[in-house]
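Let me begin by presenting the structure, written as structure tokens, before commenting on it.
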Amino acid sequence: MDTPVAAILKRLRGPLTQEQAEAIWARGKEAVVLALMLLSAQALGLNSAPGAGPNAPSSSVPTYEKPTRRRRGRKPGAKPGHPGHRRPLAEAVTRRLQHPPLERCPDCGGPVHRPTRQRVRYIEDIPEVFPELTEHTIPRQWCPRCGREVEPVVDEAMPKATLGHGLVTLTAWLHYGLGVTISQVISVLSHHVHMELSEGGLVAAWQRLGEVLTAWYDQIGEEVKGSGVLHADETGWRVNGTNHWLWCFTSKGATHYIIDRSRGSPALKRFFTEAFDGVLITDFWSAYRAVSCTDQQACLAHLLRELAHLDEKDGSAHWCAFSKKLKRLLRDGLRLKARSGLAQDLRQRRTHLIDRRLMHLVAWESPNANVQRLVKRLDRYRDSLFTFLDYEDVPADNNHAEREIRPAVIMRKNSLCNRSETGAQTQAVLMSIYRTLKGRGPEPMDTIVAALKTYVRTGTLSPLPQ
């Protein structure tokens with residue numbers, strides 16, 4: 001049970017008032033000491049959730065512990081006297097309703113005059129949707145040269161399939177593109193489209209779609225390996241209850257996912273079948289050092305976050321001196337990258353100075369365990385920390401890969417990964433295609449449906465939109 005002093009402090013929503021302070025003082029020396037201890041703990045944030053820190057996810061911090069963020073900037077909406085900005089309406093009116101005039105006032109019930117004017121109101125809504133069942137009557141004719149019956153091709157669905165391209169592509173986009181679970185997809189189709197489907201039927205259709213679009217998947221992989229700047233990241237995955245890893249290789253216009261049993265160099269060697277002619281941007285996972293490439297860039301954002309986290313834990317003089325030097329060096333490199341219009345010879349001299357300062361930190365000697373660990377890392381990645389200063393289009397962080405792998409992390413929480421190797425391969429193929437199309441601009445639904453029709457007619461896929 002809380003003490004009276006603790007109860008007073010828990011109800012605080014601002015500074016301690018004089019009446020509250022006098023009430024605590026009246027309880028004696030012990031109450032004053034307890035109040036000071038509780039207030040100091042609140043000021044230092046020691047009452048936060050266990051493990052909370054600068055790197056902790058927002059979901060691990062209780063709502064009442066999060067700081068209040070005030071809105072900055074001007075008030076929303078147009079200025080007084082200016083026309084407002086609204087969402088644009090549909091291009092054409094599909095239905096018009098003429099309401100009859102009132103006979104009585106809806107407020108007092110009295111008689112009203114004849115209408116003298118009217119107003120127009122627009123309402124956009126979704127009508128009740130029903131599935132479209134198309135009956136195809138297909139003529140079969142005898143070919144004397146082939147010695148068999150032939151018939152025209154129906155390109156609205158895959159051969160022997162009862163689900164059309166539009167339905168399969170839409171449901172696959174909901175699952176692999178947006179992370180909606182299979183049960184939720186079936187629920188939406190059942191309640192809003194009045195279509196009954198089974199989980200097995202949907203999964204089989206998606207796996208067949210993945211097999212057809214594998215050519216696009218392979219093309220995305222080749223385009224990623226042919227880019228000059230490549231980001232890479234990995235996260236945990238499960239396939240039929242077994243630990244796997246989902247790898248993300250992404251460039252400016254393409255994203256390629258791979259689900260593999262290995263988190264080490266064997267998975268990377270299966271993807272990089274030859275030397276990569278470009279700059280590979282990664283975090284500090286040691287497996288990436290096995291990749292043969294022109295240059296590598298280690299993510300400085302990871303290093304800066306770790307330094308901030310260790311600053312809160314380690315307040316020793318050895319650590320503070322080393323951390324101050326390293327953070328200043330990293331920030332000087334970032335400022336040099338951000339400066340435009342700097343003469344080339346001056347930029348080269350400052351880059352050389354940054355390299356010399358880095359070598360000074362690599363030779364740093366200290367009995368502190370954290371300093372020793374960071375010095376080893378700097379020595380191991382000395383050639384990968386400031387690569388971004390040598391290339392104009394190379395960033396200093398791996399944020400692009402972090403953003404591209406985040407949808408897979410959300411899907412992992414919702415759908416609990418895959419139940420088979422075939423499902424994992426389908427996941428990698430369709431997720432890569434939907435993510436790439438979203439980044440390039442074309443509408444995924446229309447693009448894939450048109451490609452499937454071409455495939456049914458000709459047996460080959462149309463080129464992947466660039």
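Length available on full extension from ASP107 to GLU135: 0.36 nm per residue minus the Cα-Cα distance, which gives 4.6 nm. Among residues other than ARG261 with Cβ under 13 Å from its Cβ, the summed charge is 0 (Lys and Arg +1, Asp and Glu -1). How far apart, in nanometres, would the label points at GLN20 and CYS143 be if each is projected 7 angstrom from Cα along the Cα-to-Cβ direction? Here the modelled spin labels are 8.7 nm apart. List the chymotrypsin sites (Phe, Trp or Tyr not before Pro) in region 241-340 that DSSP assigns to loop (not H, G, I, E or B) and whose Cβ has at most 16 other Cβ atoms within 10 Å. Which are they? The qualifying sites are PHE284, TRP285. At a 10 Å Cβ-Cβ cut-off, how would you order LEU97, LEU170, fewest neighbours first? The fewest-first ordering by Cβ neighbours comes to LEU97, LEU170.
Within the same chain, lysines fewer than 8 places from LYS337 are excluded, and of the rest, those with a Cα less than 28 Å from its Cα are LYS225, LYS252, LYS324, LYS325, LYS327, LYS376. Distance between the pseudo-spin-label points of ASP277 and GLU156 (7 Å out from Cα toward the beta carbon): 4.8 nm. Charge tally for SER187 (other residues, Cβ to Cβ under 13 Å; Lys, Arg +1; Asp, Glu -1): -2. Once a ≥ b ≥ c are taken as the square roots of the eigenvalues of the Cα gyration tensor of region 393-466, is the result rounded (a/c under 1.5), prolate (a/b larger than b/c) or oblate (a/b not larger than b/c)? Here region 393-466 falls in the oblate category. Here each label is just a point 7 Å from Cα along the line to Cβ, and for ILE126 and ASP390 those points are 5.3 nm apart.
In which sequence would LYS75, LYS376 go, from the one with the fewest C-beta neighbours within 10 Å to the one with the most? The most exposed by this proxy come first: LYS75, LYS376. Once the chain from ALA321 to ARG403 is taken as fully extended at 0.36 nm per residue, the excess over their C-alpha distance is 26.2 nm.
Provide, for q = 0.10, 0.19, 0.22 Å⁻¹, the log10 of I(q)/I(0) from a solvent-free Debye sum over equal Cα point scatterers in region 353-435. With one equal scatterer per Cα and no solvent, log10 I(q)/I(0) is -0.51, -0.87, -1.01. By other beta-carbon atoms within 10 Å, ranking VAL456, VAL239 with the fewest at the front produces VAL456, VAL239. Show log10 I(q)/I(0) for region 314-385 at q = 0.11, 0.18, 0.22, 0.24 Å⁻¹, two decimals, from a solvent-free Debye sum over equal Cα scatterers. Log10 I(q)/I(0), no solvent term: -0.31, -0.72, -0.96, -1.08. Close amide H pairs (under 5 Å, H built 1.01 Å from N) link VAL229 with VAL279, residues at least 5 positions away or on another chain. Within the shell of other residues whose beta carbon sits under 15 angstrom from the beta carbon of GLU392, the net charge comes to +1, with Lys and Arg scored +1 and Asp and Glu -1. Fully extending the segment from THR422 to HIS99 would add 110.6 nm, taking 0.36 nm per residue of separation and subtracting the current Cα-Cα distance. The distance separating the Cα centre of region 197-220 from that of region 237-311 comes to 26 Å. Across the chain, the fraction of Cα-Cα pairs farther apart than 38 Å, rounded to a whole number, is 52%. Radius of gyration over Kirkwood radius for region 240-339, both on Cα atoms: the Rg/Rh ratio is 1.07.
Values in this text are rule-based calculations from the coordinates and carry no lab data. Bear in mind that the values here come from a model prediction, so they are computed numbers and not experimental data. Counting neighbours? That spans all protein chains shown, and the Cβs are built from the backbone with ideal geometry, glycine included.
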